[in-house]
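The values are calculated or read from the model by the stated rules, or taken from the named source; none is laboratory data. Quantities reported herein were computed from a predicted structural model and do not represent experimental measurements. For neighbour counting, all protein chains shown are included, and Cβ atoms are generated from backbone atoms with ideal geometry for every residue, glycine included. Areas reflect the complete protein model, heavy atoms only, side chains present, ligands, DNA and RNA absent. Shrake-Rupley method; radii C 1.70, N 1.55, O 1.52, S 1.80 Å.
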Amino acid sequence: ILGGYEAKPHLRPYMASLQLDGQHVCGGFLIAEQWVLSAAHCTEGTNGKLFQVLLGAHSLTEPEPHKRLYRVRAQIPHPGSNIHNNRDDLLLLQLEEKAELNAHVKVLPFQREDRDVEADTVCEAAGWGTVTHSGRRPDKLQQVERPVISRDLCNHRTRHDHTITEKMMCTDSRKKDTCKGDSGGPLVCNGVAEGVVTAGSRVCGNYKKPAIYTRIAPYAAWIDGVMASAAR
Ligand SMILES: NCc1cccc(Nc2n[nH]c3ncnc(Nc4cccc(O)c4)c23)c1
């Protein structure tokens, strides 16, 4: 997160850190007791290794009472996701067991009504992604408020030039923005997850390249289907 600030500890008890060998790779969030939603692009370069999912954390390194690392039983990328574009950039992770829910570990509801969030709505992004252009990584969860911008503005020739589909949304990226390692985290508007951070052009903090999110509502049926079919 560029231009943001340290989140109040455990006020975002749905936040997940997707880790490999103890290293934060991507964000994610708890959508059900045994399920985390993230971004398919997060699996790039992991050559098939499964993530571990850290829940209940504020600091990535310090011991905290409700912090717990969960093993993953299955990682299910959206069938339409691919490395060449940002379309369908969603990843479902089934935890080895149900997460122990408490004040620090909670499910975040996601938007099921497929309607665009109005432009200028101020939403929040949070994550343990880089906090400087030089790539400094924070130990504690960061957050930033960002206004939604219209798809027409985001699709302008000088911005993302007509690559933003109706299954994506954008926020202004002037100075304050999501960045490397924030992918997979939720865009929360009025307490509901409306989008999932996708890297897009990977540019951070440049108003010419607004932040892009995969809208969740269009994928509600896919998400429900995967969770139902894996339930046992
Ligand atoms: N703001 C959109 C957004 C959301 C999520 C991730 C991203 N960026 C990135 N995702 N993956 C990346 N691998 C390498 N570099 C990256 N961006 C980067 C790194 C240092 C300085 C800088 O200005 C930009 C990214 C960008």
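Numbers below:
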| quantity | calculated |
| --- | --- |
| Residues located in the range 138-153, provided they are within 11 Å of the ligand (Cβ to nearest atom) and either under 12 Å from Y5 (Cα atoms) or open to solvent by 30 Å² or more (accessible area, probe 1.4 Å) (or both) | V144 |
| Among the residues listed as A119, A103, the single one being without any contact (Cβ under 8 Å) to a residue 40 or more places away in the chain and either of a type in the set (A, V, I, L, M, F, W, C) or out of contact with any strand residue (DSSP E or B) (no Cβ under 7 Å at 6 or more places or on another chain) (or both) | A119 |
| Members of the range 199-232 found to be in contact (Cβ under 8 Å) with a residue 12 or more places away in the chain, away from the ligand (no atom under 16 Å from the Cβ) and in a loop (DSSP other than H, G, I, E, B), listed by number | I216 |
| Hey, L101 open to solvent by less than 40 Å² (accessible area, probe 1.4 Å) and either more than 16 Å from the ligand (Cβ to nearest atom) or of a type outside the set (S, T, Y) (or both) or not | no |
| Selection within the range 165-177 - touching a Ser or Thr at 6+ places or on another chain (Cβ under 8 Å) and either part of a loop (DSSP other than H, G, I, E, B) or surrounded by fewer than 20 Cβ atoms within 10 Å (Cβ to Cβ) (or both) | K167 |
| Selected residue (only one of V188, V196 is part of a strand (DSSP E or B) and more than 11 Å from the ligand (Cβ to nearest atom)) | V188 |
| Hits in the range 19-54 (condition: open to solvent by less than 20 Å² (accessible area, probe 1.4 Å), free of Cβ contacts under 8 Å to residues at least 40 places away in the same chain and assigned to a strand (DSSP E or B)) | L54 |
| Among the residues listed as H133, H84, H156, H162, the single one being assigned to a loop (DSSP other than H, G, I, E, B), more than 16 Å from the ligand (Cβ to nearest atom) and loosely packed, with under 13 Cβ neighbours inside 10 Å | H162 |
| Among the candidates D182, D116, residue that is outside any strand (DSSP E or B) and open to solvent by 40 Å² or more (accessible area, probe 1.4 Å) | D116 |
| Filtered residue count, the range 120-130, keeping only those that are away from the ligand (no atom under 14 Å from the Cβ) and not in a strand (DSSP E or B) | 2 |
